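Nothing in this text is a laboratory measurement; each read-out follows from the coordinates by a stated rule. Not measured: the values here are computed from a predicted model. Cβ atoms come from the backbone with ideal geometry, glycine included; neighbour counts cover every protein chain shown.
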Amino acid sequence: MKALAGFIAAPLVFVAVLLMLIVGASGGNSSVAAAAACGTASAPGVSAAGVLPASVGRWSGDQIRMAATLLDAAAKLGVNQQAQTVLIMTAMGESSLSNPDHGDAVDNSTIGVLQQGGSYGPRAARLDPATAATAFLTRLMKVPDWEGLEPTLAAHAVQGNADPYHYAPFWTDAQAVVAAVTGKKVSSGCTATGNGEQSAKTLIAARAAGTLTDYNPKMLDELNGMADGTASAQCQIDPRVLQILVLVLNKYGSVGVSDINRPCAGEGLHCEYSAHCTSPSTAVDFNSIGGRTTTGGDPASLELLTYLDTIMPKGSHAGQVQCRPTMTFQNITAFSDPCTHLHVDVRGTTAPLTATSGG
């Protein structure tokens with residue numbers, strides 16, 4: 001693979017104290033401690049039933065067996081499901097879960113399921129999937145705050161490929177394969193940063209890569225002021241809104257938004273009652289996730305709402321109630337809104353969210 005490019009580190013402020021306690025208790029085993037700080041440190045490699053699925057989406061046969069081999073190696077190392085899923089995502093992006101004895105047109109010196117170069121050791125080691133997985137995860141554990149990065153950026157920090165977002169399209173598939181092979185729903189247990197500046201920087205990088213989009217560029221220009229602390233009073237965005245965007249981006253790989261802070265973007269329509277017009281703005285409108293349009297009542301919107309209900313404070317709002325079948329929420333109150341997007345706004349406590357990036 002090519003020389004390592006820069007990546008964005010987003011500190012996990014919610015688990016810092018827990019991480020220090022675990023490090024102390026583990027005698028300085030930083031790899032296992034970092035894994036234990038976010039989710040289950042010893043998630044099983046394969047289902048207790050010992051029966052692998054014949055297929056998971058477009059992945060089947062030898063590909064599923066390769067995933068099981070990689071996940072067994074990950075479990076023996078003691079890493080959590082987030083690391084396991086990053087591993088599978090990377091193997092999908094590098095070799096389609098195969099074990100080639102050659103590289104690609106870009107770099108023919110790399111081999112194996114993870115396309116590892118000479119720095120990973122002898123040829124035989126790189127062609128042994130379990131050894132390759134262990135080597136990959138060992139390096140992943142050394143990436144600063146890897147759990148706070150978008151999954152594709154965490155993989156890129158290890159692989160050093162030319163395109164940091166090369167792996168993003170495989171994230172959802174990797175989640176499905178890990179869940180099917182292990183028999184456990186994927187949930188990292190990792191918190192996204194509650195720091196508005198750090199979240200904004202992550203979103204700016206996603207915008208540059210084309211995985212965060214908006215029909216009105218001025219809506220996303222607002223992120224620049226939030227990232228460097230220069231946002232005017234009119235252009236403030238609630239840090240929890242930025243956090244939600246990071247979490248949804250991590251989960252689905254790409255996000256399209258149509259509204260955040262309306263006055264900052266030069267739009268004053270219906271500002272007399274809109275959460276898009278408060279200072280800071282507490283709302284965001286989604287018009288797509290993972291390449292699927294969200295209009296408030298479609299399957300993608302229902303899936304997103306189910307997830308958001310687990311991370312948003314009690315009393316938060318979601319629009320488009322008339323656009324979909326009746327849904328029962330624990331934290332969200334629904335209201336009517338045009339069926340052209342999915343509106344959510346954060347209410348209740350002002351504390352940063354303590355949310356998972358998987359699941």
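For the reader, a short list of remarks on this structure follows.
- Given charges at Cβ of Lys, Arg, Asp, Glu: the range 194-291 dipole, positive-most of SER274, MET226, LEU245: LEU245
- Cα shape, the range 160-279, gyration tensor, a/c 1.5 rule: prolate
- Placing R0 at 30 angstrom, the Cβ-Cβ distance between ASN331 and ALA233 gives a FRET efficiency of 0.55 after rounding to 0.05.
- Most tightly packed first, judged by the mean number of other beta-carbon atoms within 10 Å of their residues, the peptides 314-321, 265-272, 201-208 read 201-208, 314-321, 265-272.
- Segment HIS166-ALA124, extension gain: residue separation times 0.36 nm, minus the distance between their alpha carbons: 12.5 nm
- With the highest mean first, a sort of the peptides 82-89, 231-238 on other beta-carbon atoms found within 10 angstrom per residue produces 82-89, 231-238.
- What you get for the range 196-345, charging only the Cβ of Lys and Arg (+1) and of Asp and Glu (-1), is a dipole of about 300 debye around the Cα centre.
- Extension gain, LYS314 to VAL51: 0.36 nm times the residue separation minus the Cα-Cα distance gives 90.7 nm.
- 11 Å beta-carbon shell around MET219, net charge (K/R +1, D/E -1): -3
- What the Cβ-Cβ distance of LEU302 and ARG58 gives, at R0 = 22 Å and to the nearest 0.05, is a FRET efficiency of 0.40.
- Using the average count of surrounding beta-carbon atoms within 10 Å as a protection proxy, the listed peptides 109-118, 292-301 rank, highest first, as 109-118, 292-301.
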